[in-house]
1. If a residue has to be among the aliphatic types (A, V, I, L, M), away from every other protein chain (no Cβ under 14 Å) and part of a helix (DSSP H, G or I) to count, how many in the stretch A:403-433 make the cut?
2. Which of the residues that make up the stretch A:636-674 are part of a strand (DSSP E or B) and either open to solvent by 10 Å² or more (accessible area, probe 1.4 Å) or within 16 Å of ligand 1 (Cβ to nearest atom) (or both)?
3. Identify, please: which residue in the stretch C:24-43 is under 20 Å from A:LEU225 (Cα atoms) and at the interface with chain B (Cβ under 10 Å from one of its Cβ atoms) and is, among those, nearest to ligand 2 (Cβ to nearest atom)?
4. List pairs: first residue in the stretch A:247-266 and touching a residue at least 40 places away in the same chain (Cβ under 8 Å), second residue polar (S, T, N, Q) anywhere in the structure, Cβ distance under 8 angstrom, at least six positions apart or on different chains.
5. Going by the structure shown, is C:GLU91 open to solvent by 10 Å² or more (accessible area, probe 1.4 Å), more than 14 Å from chain B (Cβ to nearest Cβ), assigned to a helix (DSSP H, G or I) and within 15 Å of ligand 2 (Cβ to nearest atom)?
6. I'm trying to understand the selection: among the residues of the stretch A:155-178, which are surrounded by 18 or more Cβ atoms within 10 Å (Cβ to Cβ) and not in a strand (DSSP E or B)?
7. Report whether or not C:ARG108 is within 16 Å of ligand 2 (Cβ to nearest atom), within 14 Å of chain B (Cβ to nearest Cβ), open to solvent by 10 Å² or more (accessible area, probe 1.4 Å) and charged (D, E, K, R).
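The values are calculated or read from the model by the stated rules, or taken from the named source; none is laboratory data. All values reported here derive from a predicted model rather than from experimental measurement. Cβ coordinates were reconstructed from backbone atoms using ideal geometry, including for glycine residues, and neighbour counts include every protein chain displayed. For the accessible areas, the whole protein counts, side chains as well, though only heavy atoms, and no ligand, DNA or RNA atoms are used. Shrake-Rupley method; radii C 1.70, N 1.55, O 1.52, S 1.80 Å.
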Amino acid sequence: MNPVPSMLSRRSFLTGGALVVSFALAPKAFAQLAGGGEGGAGPTVVAPDLKGSLKSTPWLDAWIRIDADGRVTVFTGKVELGQGIRTALIQVAAEELDIPPAVVTLVTADTERTPDEGLTAGSHSMQDSGTAIQNAAANVRMLLAAEAARDWGVPAEQVTTGGDGRLRAPDGRTLSYGDVAARLSLHVQAVPDAPLRRPSDYRTLGRELPRVDIPAKLTGGAAYLHDMRLPGMLHARVVRGPSVGTSLKSPDLDTVARMPGVVKIVRQGGFLAVVAERQWSAIQAMRHLQRAAYERAPQPPLPADGAGDAVATTLKALPARDIAIMDTSEPAGPAVCTVKARYTRPWISHGSIGPSCAIAQYLDGTMTVWTHSQGTFDVRRVVVELLGLPPEKVHAIHAEGAGCYGQNGADDVAADAAVIAKAVPGRPIRLQWMREQEFGWEPLGPGMMTELEAALGADNRIVSWTHAVWSNPHNNRPVGAGGVLAGNEADPPFPVPEGKPIPMPEGDGSRNSNPLYNFANTHVVYHFLKDMPARVSALRSLGAHLNVFSIESMLDELATAAGIDPLAIRLDHMRDERAREVMQAAADRFGWAKRPRGDGRRGCGMAFARYKNLGAYCAVAMEVEVDRETGRTLVRRAVAAVDCGQPANPDGVRNQIEGALVQSLSWTSREAVRFVADRRASFDWSSYPILRFDDVPGSVEVVVMDRPGAPFLGTAEAGQGPTAAALANAIADATGVRLRDMPLSPDRLKAAIGPV
Amino acid sequence: MKRTRWTGRTVGRWAAGGALACLVGVGAILGFAHRSGLPASPPPKPDAFPAEMLTRGAALATIGDCIVCHTADGGVPYAGGRALATPFGTLYSTNITPDPETGIGGWSKEAFKRAMRDGVSRDGSHLYPALPYDHYRQVHDGDLDAIYAFLMTRPAATAPARENDLIFPLGFRPLLAGWKLLFLHQEEFTPRPDRDSEWNRGAYLAEGLGHCSSCHSPRNLAGAEETGASAYSGGLAEGWVAPALNGSSPAAVTWTKESLFTYLRTGVDGHHGAAAGPMGPVVHGLSRAPEADVRAIASYIASLSADRAAKAPAMADRPAEAAKTNPGGAALFAGACAGCHDGGAPMMTQGRPGLSTVTALRLDQPDNTIRAILQGIHAPTGPAGPAMPPFAASLTDAQVADLAAYLRSRFSDLPAWTSLETAAATVRKEDSQP
Amino acid sequence: MSVTITVNGADHALDVDPSTPLLYVLRDDLELNGAKYGCGLGQCGACTVQIDGKPAFSCLTPVGAVAGRRIRTVEGLGSAGAPGLLQQAFEKEQAAQCGYCIAGMIMRAQALLDRNPDPDDAQIRAHMQTNLCRCGTHMRILRAVRRAVALRKGTQSAQEVRP
Ligand code: FES
Ligand code: FES
């Protein structure tokens, strides 16, 4: 038996004929790397035999509650980011409990109500939480059946369910789940082998259930944290220089203190914020304070602005720690064709459409923070350290924000709000960052570079493969006060913790640097750069964006050099059957064999990756048309195929892959954060343009592989790398010009094409 | 990119002038009015031209902005079809890809040069001076050859010319002969020995292919550019005022070679507003033209106002006074403009120019200010250029007038504009025309 | 100072600084969630509403400027229980990921359909160009607008719209 949960006071008990949330906390743990393999703190594994997050939270009542009226509440430590996880998890629970999805209520990450499942990141939600809920539900269904069987005096195997929340005896008697649950305690640990429902019997899983969160989003319902209005709520704005590393010199506090509607100026160390009755007053006060001149504290120079060379120069100047990722050697024939190339990616912004927001309230010694961070439990850890409050006095609750795709300003704004709320006790404080603050202060996706060298033998087999990747850590998720801006601005400041690499198999800058293909003599090294010239952290797919871009570009470079079909060179080096099937499925649907051949303007390209070599498989094929006068590239059509194991909701999977594809096209074709000497110079959508409607593909089609009952594989980030490479490959096919430095912008393409 | 429109005044003047000139000399010029057709020649092979020639032609075509007028919105580059709306009807640019049937594929080099210099189509008919052949006459022969080579190596596109839709009698092309007889006398460019080679290069490009003065100089009654002392004293383009570039330049800060270079490359520099209206496509082209050529143009244009440096005006920003005389405008500014243009706004903290430096607020006419407010500014250098949203949907004419009055009184020390509401209504009406 | 505005057909008298952008009045005073703060700079369209039938950025519209004019927000098109045509089409196409941009997208599309009941794909793309989506939901948004066009025409069963 595991240690008794340390916070018994928060447990509630069986009351009123219902199983009420008997919240079972896992032992506190701060050191464990968990959270979707992207840093963050996370729970300790206490039950290694169980699946998914049951490993750290094995008690069934932590996951599922059944009321007397048959309503079911499911608890997850993961959060909705627009990826549709809410609906997918409801489907998982409904399927495995064999009840209608409409009776399921899902509670997402809340430090007082749900299990700590670390971060919602790394495409781990289905693997961690989906698997846990599936197995927990199977356990609960098993217990319900056993209890009913006892009641009826029949063998448990003979008790069946019919999808309506009732248990059936062989003689036709039935009992409702609610009635049976009332007699049961679910405060028991899951067993590893509770039987799962057979895929052929599925009623809910694998169906295209409409997403539960969408209706409110279409009609102005309260869908986001941004929409919360608490009684007595005040509006705050934080006041900072134009970008990370700058600070304001003597802002005009006196004038602002006299401005109508301003309730308070909060100034602690380097932290400055204004609080007002109305949003508009807060904004005007903030603007007035931001008139002050700013300075940049002495710190390493910002990344050079400009093309691939600038990225490479910046990264190569940093001290590197070399980490061997992969070394294989086997006999192979001599090389007849060798290609060597450098690929780069600049710093990229998350660019959520809604700037980060948080609400905090400090009432009777307890701090409550509503946050859209991917790490609700980490927000609590940060606030605990930052404000010196006991952990049980800090309550963090997730509420949905705009899509975030990694560590944007969500964690920072939550800490900012908590600092302000502590200074204005009693009233809820709503703080939203301004657009320019999001651009200027959020951690960026790191700039990266790779150098590859590969050789083909006479039999068209790859006889050697070298891949070196240079990157800052993508893993700077805050788990304490030093990870957030308010901590760095405190007096005395909490220092920014040193970045650490994420070890393989997940990896960070190294993610997907190890090819899934079977190449002879593969050598992969990660030049880990701990000194960060720009504030960076996780951006959707981490290093996979550039690593897959590099590998899949190089395969086409070799194929072109040797006159091999790009699909053939991939299939020839792939033993993983599911990978082959995904590539083939994309190729078939695309009509790869009969595709139009590159003619100077039109061309086709494809690429493949299995995310982290352990998540979803994804292949992308696309046809582009290049305007040779301007270098503008239009994607005429794109086809993706994805194998994510059993898809909980195939339309949800399609939505994710379509989004990943379009977003990756934007990153790859036009995005780069600009820097000048003392600041980031990308501060709005005109200085950081993203893909718009007239540049999105003519069509995007997603084939979801049917894998009944196969374990869930994370999907959300599978499309980024393959899309990037497919675009470069299609452009090369169309024009004969190979672009290796992102963004593959019209100007660069035009320059490479020349006047004709 | 927003459709470039040749509205009102410019086209109107030369159209009216053309008719006038015709009446003056109609009898005498009938012989001149007819030019002979030239025979169709087989399109040259793409490899008929050396690579350097194509590179040079591409650069020159960029400076001449051929692609802007000769490409319809979302259309094939150089295939024509862009509508040039005028109060006298609509002109459509033609296909200059080497398609033998609908483009210039059957044009010999001679036919091409005749069109560029004399404004005569291969079939002998006169071309409207929307094609600025008065400027192209000044281009060296070798450069015209290079542009010919460049155009003849573009992919051919089938795109028949659209019928122009002009009111009677302007559709009658021989009338143009009269206009040419009076105004088409320009010679090939000759360098000035007292200037350095950069200046001379700039003058050649600006006067010839760049045709800067076709917008920045006033035009006479007959629609021809005024020259001499009046050259570059300001003109009109598509309803926008093209500010003076000579000593009478209204700029708050005198243009220097460096500031002009930055402006022509990026659409904005620290001391002048962003390129707006028809200047947008110009900057778009120059941002991609050879750097040395753009420096040369900057050097030449800056020299035009060199004598002004001493009398540069003081920059104004008087929020309290302006709010007192125009409280309504001040409230509109606070809610609609301050988020970008007032102190502490992101644009300002990022070192973008303040409104005190914006030439539009210093012109005698409010048109550019009103147009910028109603239509916004489309990023001139492509997606990453400076941009401004349009306010046509949110502000009424009276509110635009209030706002413009406030801006003028706050950010300049010049006399108030008059009839602002009427001006706003006029611009809005022009804008709503198809 | 008092300003009276008409939102979705109802008049509201407000005691508010007339320079306050309409966005904050809609969100904080009228408690309408549809219009979102995305940039406050007129660059993203998350705050799009209709003013006298035209799509406008509420983040840059001083409330004093729209006194007496017709303002329509996404709440005026329908509700979760009784969705309007475009809302139905977006629901059918599941055209949202995070959804933060979607209310603005719907309002911009509505302005197009009000003026042109049968736009082609190029017209839809050109019209929607103003609004940004970061999740990459564009393909579904386009499908949803096309579906709304088809629903309105009633000539095609909704099923046939998916390309
Ligand atoms: S919030 Fe108004 S346009 Fe972005
Ligand atoms: S759906 Fe997230 S921004 Fe559009």
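1. Residues in the stretch A:403-433 being among the aliphatic types (A, V, I, L, M), away from every other protein chain (no Cβ under 14 Å) and part of a helix (DSSP H, G or I): 8 in total.
2. First pass over the stretch A:636-674, keeping only residues part of a strand (DSSP E or B): A:636-643.
Scanning the stretch A:636-674 gives A:ARG636, A:ARG637.
3. We begin by selecting, within the stretch C:24-43, every residue under 20 Å from A:LEU225 (Cα atoms); these are C:24-40.
Restricting the remaining residues to those that are at the interface with chain B (Cβ under 10 Å from one of its Cβ atoms) gives C:24, C:39-40.
On the way: C:TYR24: 21, C:CYS39: 12, C:GLY40: 16 Å.
Looking at residues that are under 20 Å from A:LEU225 (Cα atoms) and at the interface with chain B (Cβ under 10 Å from one of its Cβ atoms), I get C:CYS39.
4. A:LEU248/A:GLN290; A:PRO251/A:GLN290
5. On the way: open to solvent by 10 Å² or more (accessible area, probe 1.4 Å): yes; more than 14 Å from chain B (Cβ to nearest Cβ): yes; assigned to a helix (DSSP H, G or I): yes; within 15 Å of ligand 2 (Cβ to nearest atom): yes.
Spelling it out, C:GLU91 is indeed open to solvent by 10 Å² or more (accessible area, probe 1.4 Å), more than 14 Å from chain B (Cβ to nearest Cβ), assigned to a helix (DSSP H, G or I) and within 15 Å of ligand 2 (Cβ to nearest atom).
6. Correct list: A:VAL159, A:GLY165, A:TYR177, A:GLY178.
7. On the way: within 16 Å of ligand 2 (Cβ to nearest atom): yes; within 14 Å of chain B (Cβ to nearest Cβ): yes; open to solvent by 10 Å² or more (accessible area, probe 1.4 Å): yes; charged (D, E, K, R): yes.
Yes, satisfied.
Yes or no, residue by residue, for (1) under 21 Å from B:ASP194 (Cβ atoms); (2) assigned by TED's automatic domain parsing to the domain that holds B:ILE67; (3) outside any loop (DSSP other than H, G, I, E, B):
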residue: B:ALA244; (1), (2), (3): no, no, no
residue: B:GLY247; (1), (2), (3): yes, no, no
residue: B:PHE261; (1), (2), (3): no, no, yes
residue: B:LEU264; (1), (2), (3): no, no, yes
residue: B:VAL283; (1), (2), (3): no, no, yes
residue: B:ARG288; (1), (2), (3): no, no, no
